[in-house]
Structure formats: C-alpha cells, structure tokens
Amino acid sequence: MLAGLLDGLFNGISIGAVLLIAALGLAIVFGLMGVINMAHGELMMLGAYTTFVVQNGFKQLGEQWLGTYIFFALPLAFLVAAVMGLILERGVIRYLYGRPLETLLATWGVSLILQQFVRSLNWVLLIGLTVFSLLFFGALWMLSRRQDIDRIRNWVVAVMLPLSLGIALATGAFLGQTYKLAVTQPWFGAQNVDVTAPKWMQEGLPILGFQLPYTRLFIIGLTILCVAGVYLFLQRSAWGLRIRSVTQNRSMSACLGIPTAKVDALTFAIGSGLAGVAGCAVSLLGSVGPNTGQNYIVNTFMVVVVGGVGKLVGSIVAAIAIGTADYLIGSGTLALLLTPVKPLADLFTFFATTSMSKVMVFALIIAFLQVRPGGIFPQKGRSVDA
Amino acid sequence: MARQFGRRKFLIYGCATFGTSILLKACSGGQPTATTESPAATGSSATSVASGSTDTIKVGILHSLSGTMAISEKSVVDAEQLAIEEINAAGGVLGKKIEALVEDGNSDWPTFAEKAKKLIDQDKVVTIFGCWTSASRKAVLPVFEEKKHMLWYPVQYEGQECSQNIFYTGAAPNQQIEPSVDWLLQNKGKEFFLVGSDYVFPRTANTIIKAQLEAKGGKTVGEDYLPLGNTEVTAIITKIKAALPNGGVIYNTLNGDSNVAFFKQLKGAGLGPDKYPSMSVSIAEEEVKAIGKDYLKGHYAAWNYFQTVDTPANKKFVEAFKKKYGQERVTNDPMEAAYIMVYLWKQAVEKAKTTDIEAVRKAAIGQTFDAPEGQVTLGNNHHISKFVRIGEVADDGLFKIVYSTDKAVEPIPWNQYVAETKGYSCDWSDPKKGGKYKTT
C-alpha cells in the first residue's frame, strides 16, 4: 500500500515536472510579458533537435563520451532556442506588443515556418539563407551609417534585395548542380529522429518493488534547477529587477531610464531558452520530430492559465496539480481508492483510460476557471488593468 | 511622412517575403524528391493537361507531405516514385511515359477528399496511388465511388471494407494481426494487454484480437488507448504492471509519436522484452530508426515484408532505393506495398491495352507480381495475397525474421472473428456478388 502510494505520488510529480518544464518558458513569455507565443512548442522542438545533433556529434567522439552528451546538449539547446527567440522578438514580436491577436497569428505562422524549416533544412538552404542575409543585411548595415540613409533606403532595398536574392539563388543552384545529393539531401527530413538517452539513464532505480526511471528523476531535478534559477534571476539580479519593473509598468520604467527594448529582448530570449532546455528534457521521454512542439503547446498554455497569468508559483502548483490529477484518474488509482463509494467508483472507472482522463481533467479545469477566472494565483493590484 | 513610411515598410517587407518564398521554393525544388516527372501539380492548368495527355499517362499520388502523417507517408511517396521511374526507364506503359502528379493531403482528411477531386476532375489522372490512415481512406472513398475512379491503397489496415473502387495492397487483418496473435499464443504467453492509439484502426484491430483470444484460449487482461500524438504514458505503464504483475504479452497498435514515448518509458520503468515481450503492427524499419534501437531491441513486429527478407527481387528493390535516396535510408512494409501497387497497375494497364478505368479494373484481378516479399496475386476481392512474417529487432536496428509463412496467405477483408461480418465475403469478378455477400 505504501509502495503504491509512493509510486503514485512519484508518477504524478514526474508528469507534473514535464508539464512544468515545458511551461516555464511560457510562464515568462506569456505570463510576464503577455505575449501569446504559439511558436513556444517549436522552440522546444529546436532544443530537441539540438540534443539530437549533439548526441550524434558525441557518437563520433566515441563510446566513453556518449554518456555525458546530455550535459553539453542542455546549455547548447538553451543557446540555440534563445538565439532563435531573440531573432523572433527583434524580427516580429517587437512590432506587435499590445496587439495580442496579431501576435497570436504571427507566432503561429512562425511556428509553421520553423516546422517546415527543420523538415527541409539542407546545405543548399542553409548556405543560400546565409549568403542572402549576409549580403542584404550587411549592405543595409554598412549603408545605415551614411547621413542620407533615410532618403536612399528605398533604393538600397530595391537594388540589394533582387541582387542578394539572385546571388543566393545562383549559389544554391550551383551547389545543387555540382554536389547533387550530398548537399540537397535534408539533414533531418520529415521523419522523426532518434534521441537515445545515455546508457546510465535508460534504466531505473528499484525501490520497494517498483522502479523509478532515471530519466524521470533527471527531469524532476532539472525542473527544480530551472525554477530555482529563474526565481533567483528574477528576484536577485539587476536585470531581473528591470524585467519585473518593465512588466509591471512599462512607461514608468522607460521614464526612469530602463532600456525597455533591451529588457524585452532579454526576457523573450530567456523564455525561449528555457523552452530549448525543456525540448532537450522531453526528447528523453518522447519523440523528436517536426511536430514535437505541437504535442506540448496546449498543455503549456493550460498550465500557465490555470496557475494564474504572471505568477511563476502558480505555474508550479498548476503543473503538479494537473499532472497528479491526470495520473490518478487515468491509471484508475482514484477509482480503486473510491471502491467503497459505488457510484463514484463507477464514474471514475469510466474515465480511467488515458484519453478519457484528458476529458475529465479538461472538464475540471473549465469548471475551475468558471469559479476562479484568474487562475490559482490571480494577479492583484493596479498592474492587472495595465 | 507617415504615409511614405508605411509604403516604404510595405515595400521592404513585401520584397522580403516574396524573396524568401522564392528562395525556399527554389531550394526545395532542388531536392531529389521533386524530380522532373513530378512538377508541383498546383500550377498545371486544363490546357497543359490536354496537350500533355497525348504523350504521357498521368497518375496521381496523394499522400501527406506535411503534418503528423508526413513522417510515414513521405517514404511511401519515395517508393512510388521509384517504381514510376523504373517503369519509365524500361519504356513506360503502352509506349508512353508515366507522369506523376503529387498532391499533399496535409494529414487532414477533408483535404484528402478535396485533393482527390482535384486530381480526378482537373488533372484527369487515370488512377491515384495514395492515403495512409484509415481515416483518410474513409474520407476519399465517397469521392472515388461517386466518380467511379480507382485508388490504390498501400497500408495494412483493419479490414471490414471492400470497395470496388479501391485496390488494397497492404495486409488485411488475417495477413498480419491474426497470425501474429497465434504465434504469440504458441510462443510467448496467454495473457495479453492491448495498447493502441485512439482511432479507428487500433479499436477495430483490438476488437478482432479480443475475439480471437477468446476463441483460442488466451485472455485479454486490459486495454487502453492514447490520443494521437500523446506522449505521456505513465498511467498506461502503471496499468500494465497492475494487470500483468508477472509479465505477459503487450500487443501494441500505437501509431506515430506515441510509440516513441511508449518504448522509451517502458524501458525506464523496467518492463523489458524478456518478461513483457511486445508485438507491434505499426513499427517498421523507419520507426525503429526514429525510436532508437536501444529501446526496441528484443521486441517483435508483424509485417509482410522486412528489409532483411532474402529474395532476389528484394535485393534489387533495396539497392535501387538506396541508390536513389541515400545509403542510410531503409525500406519498410508500406513502401514495399506501394512499390508493388504501381507495378500491378502497370501490368493491368498492359493487359487491358488501355488506361480506361473499367477495363483496367477488370484486368487487374488475377495479376501476379514477383514482389520483394515473394510472389503476390491480386485476388477478386481487390486485396492481394501476402506472406506473413514476424521479426525481432536486432542490434543493427533491422529485423531478424523469426517466423515466416511458407506460402502467401489469401486475404480475408470481412473478419470472421467479429459477429457482424462472420460469414461474409467479397468478390468483384462476379457482378452478382459484389463487395459484401453472404457465403453459405
């Protein structure tokens, strides 16, 4: 009985930890900044693909290194997703602050672009894109130092765009013709790729007749680490203070000399980076493919909304609560516990399949949000209206 | 000033998007999959069809190239294009080259129906090769019946269907599921736990398995279904442990991403193939690669074809495929079925000496082909006879064949274990019998 209870508790927490680590980045991006980032799942996917690339790199190095690849993959996944987040923020989202509908559509579009990008990424595409951005943005950057840039910008764009495009296309076509399959073959393709956890992580820790999978333990540890890191960063560092002040009152912070644009970019990059870490973590449990992100996006929004937008602690409680509820209902544990009460037990037995437990959890969430629309920890005070 | 600013921005972004899209398109155009015989069909107008139809024969390829199912369907398209290329290289059909028009069903079933209509009405193709999921097949079925057209379907499916307008070259349940259950009962144990994705194929398949287990003295100790794309399987693993405390057979009809999560977490929970052998019907060579062979080693899969099948036709097929698409690519069962169906269609056209759909449909029945899996015959129920094999995942990620039927198994589309269809059969060679008639 004790073992069963412990097993249930551990499983609930481990499902919650996956939810939480996936939602943590969104809790910052959506919770603190108010940006509805539909591409959050795709940033996770980029993290997962980074893990795949690092793993393959370590395979080349040899067997003795393979066990440690995950520790290199984590920071790299953070970095890749953060850079992509930075590009996304600078390129798209900063023009759309305060316009949630447009943000939603734009980031959804970005998510589709990213999905197709990993499907068709090959040397030709990569080199073509690099050549194009070097030529086009390089020219813009060089000319931007001229005095009369505003006057000639139209002409620069009109000349440079077709020119750099032409060069990029020609380079791509030339490479494709010369090296054929070697450069035109997609790196990853539409198929899922395999991320295999290091050998020591594939088994589990046997306790009291059941087994705690090491991957789950690792993810729980990683989640705790990330939450602690985010908390310390926001509460104890100078940039954290700036982030909090900007999210509370943007114009006042700007008046006081805080570079709000920089703060926005940094916040978004950190949120995206956390998505990358989450992607690395879930690649140990689930599949890695272009659609990986879509499997998590709904759950992450659910966690943030139930927890209360803008509160990290809310996301933590919500993730654990949803994870545990999902497990207890889906595995039939609740039905077993309620055996004495016949009608309730029957009800929960009906919901004790994985797909039906989702129905039940969602129904409970809807009911909960009817009672408390602000989530578990609603925001209070003047910042709510801002 | 403000207006000019807006116009300038518009110009910049307009150019940028236009440019990027051209760039992307050009790059994807360079890929080997979109070879010259398959221009992106979207642009072809009615006039080009009229002029083109004189020297080429147009066929449609309708699969998901984007969305969840793209993972699996992309490689089937590759196999179909390989077959078409081989046929063209050998002189084509009736002296004409085959031109394949590829349409993307986008993993969305209404889109499949729309694209099927487009291929039939607008592009005037003479046949369509396509679909993967049963849901997409069910979505296009009314289109093909209304237009009296022809679909070739290459994937193993749950049976319980026999349309005049479809040729099924994948396995019917009696050519995959039923023999594998028999094999498990003989070799691995009597207690089964059924896991599947939550849609039509796993649910129908599990109904059949349950009926079969009951008839043969096995026992179903539990079943559970995961929503498609779900990767949280902790609850299912708990249930398996509770239902089979001393080990037993897991029969797995999960599809797509859930498989990866299932096997990764199964190993983490300590449920290995020694005590909990699993039989999968949706895991082939491609999937083994995507899941990771470490997780799958020792588990079983039931198919009609594995890359390791030892026939001369298969050696040729694997070699040609690797040469065209790269050495690290693998071949699998649906790809082989897709490869077969293009050839069967070609033979039917050659026998009928026309591409007229009715004539080809008649000529197709009775065609035999020396397929990579062995010699197969297209029966009068529009399904083909197939060899049944069971493979165990080996160290190299390919399958070690542990069981194989010595001759091709005849297809039975209407299941004989399920009460509603017991005693029914299908025969399109006799107009009085049709798709579902009662045998006595």
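Say we look at the range B:319-331 and pick out the residues that are away from every other protein chain (no Cβ under 13 Å) and part of a helix (DSSP H, G or I); which of these is surrounded by the fewest Cβ atoms within 10 Å (Cβ to Cβ)?
Here the answer is B:E319.
When you look at A:G109, is it at pLDDT 85 or above, within 20 Å of A:M84 (Cβ to Cβ), surrounded by fewer than 16 Cβ atoms within 10 Å (Cβ to Cβ) and more than 10 Å from chain B (Cβ to nearest Cβ), yes or no?
Taking the combined requirement at face value, the residue satisfies it.
Of all residues being within 10 Å of A:A27 (Cβ to Cβ) and of a type outside the set (A, V, I, L, M) in the range A:292-307, which is farthest from the other protein chains (Cβ to nearest Cβ)? Just the residue, please.
Among those that are within 10 Å of A:A27 (Cβ to Cβ) and of a type outside the set (A, V, I, L, M), it is A:G307.
Determine which member of the set A:G8, A:G34, A:G25 is touching a residue at least 24 places away in the same chain (Cβ under 8 Å), over 11 Å from the mean Cα position of the chain (by Cα) and either more than 25 Å from A:G273 (Cβ to Cβ) or buried (at least 24 other Cβ atoms within 10 Å of the Cβ) (or both).
A:G8
How do the strands (runs of 3 or more DSSP E) wholly within the range B:332-401 filter down when requiring 1 or more residues that are farther than 23 Å from B:V181 by Cβ: which remain?
Here the list reads B:368-371, B:374-377.
Condition first: in a loop (DSSP other than H, G, I, E, B), among the aromatic types (F, W, Y) and touching a residue at least 60 places away in the same chain (Cβ under 8 Å). Now tell me which residues in the range B:276-318 satisfy that.
The answer is B:Y305, B:F306.
Give the number of residues within the range A:65-101 that are under 26 Å from A:L284 (Cα atoms) and in a loop (DSSP other than H, G, I, E, B).
2
With respect to B:A301, determine if the residue is among the hydrophobic types (A, V, I, L, M, F, W, C) and either surrounded by 24 or more Cβ atoms within 10 Å (Cβ to Cβ) or within 14 Å of chain A (Cβ to nearest Cβ) (or both).
yes
Hey, among the residues in the range A:214-244 that are within 14 Å of chain B (Cβ to nearest Cβ) and of a type in the set (A, V, I, L, M, F, W, C), which one's surrounded by the most Cβ atoms within 10 Å (Cβ to Cβ)?
A:I219
Considering only the range B:406-440, how many residues are out of contact with any helix residue (DSSP H, G or I) (no Cβ under 7 Å at 6 or more places or on another chain), within 18 Å of B:F387 (Cα to Cα) and touching a residue at least 24 places away in the same chain (Cβ under 8 Å)?
3
Looking for whichever is away from chain B (no Cβ under 13 Å), over 30 Å from A:F71 (Cβ atoms), surrounded by 20 or more Cβ atoms within 10 Å (Cβ to Cβ) and touching a residue at least 40 places away in the same chain (Cβ under 8 Å) here; the options are A:T247, A:T267. Which one fits?
A:T247
Starting from the range A:202-213, keep only residues that are at the interface with chain B (Cβ under 7 Å from one of its Cβ atoms), then list their pairs with residues that are in a strand (DSSP E or B) and small (G, A, S) whose Cβ atoms are within a distance under 7 Å, requiring at least 6 positions of separation or different chains.
Once the first residue is at the interface with chain B (Cβ under 7 Å from one of its Cβ atoms) and sits in the range A:202-213, its partners that are in a strand (DSSP E or B) and small (G, A, S) give A:Q211/A:G204; A:P213/A:G204.
I'd like the full set of residues that are at pLDDT below 90, of a type outside the set (K, R) and surrounded by fewer than 15 Cβ atoms within 10 Å (Cβ to Cβ), limited to the range A:58-90.
A:Q60, A:L61, A:G62, A:E63, A:Q64, A:W65, A:G67, A:T68
Would you check which residues across the range B:61-89 are in a helix (DSSP H, G or I) and either at pLDDT below 85 or of a type in the set (S, T, Y) (or both) and list them?
Within the range B:61-89, B:A70, B:I71, B:S72, B:S75 qualify.
The values are calculated or read from the model by the stated rules, or taken from the named source; none is laboratory data. Quick caveat: nothing in here was measured; it's all calculated off a predicted structure. When we count neighbours, we look across all protein chains shown, and the Cβ atoms used for this are built from the backbone with ideal geometry, even at glycine.
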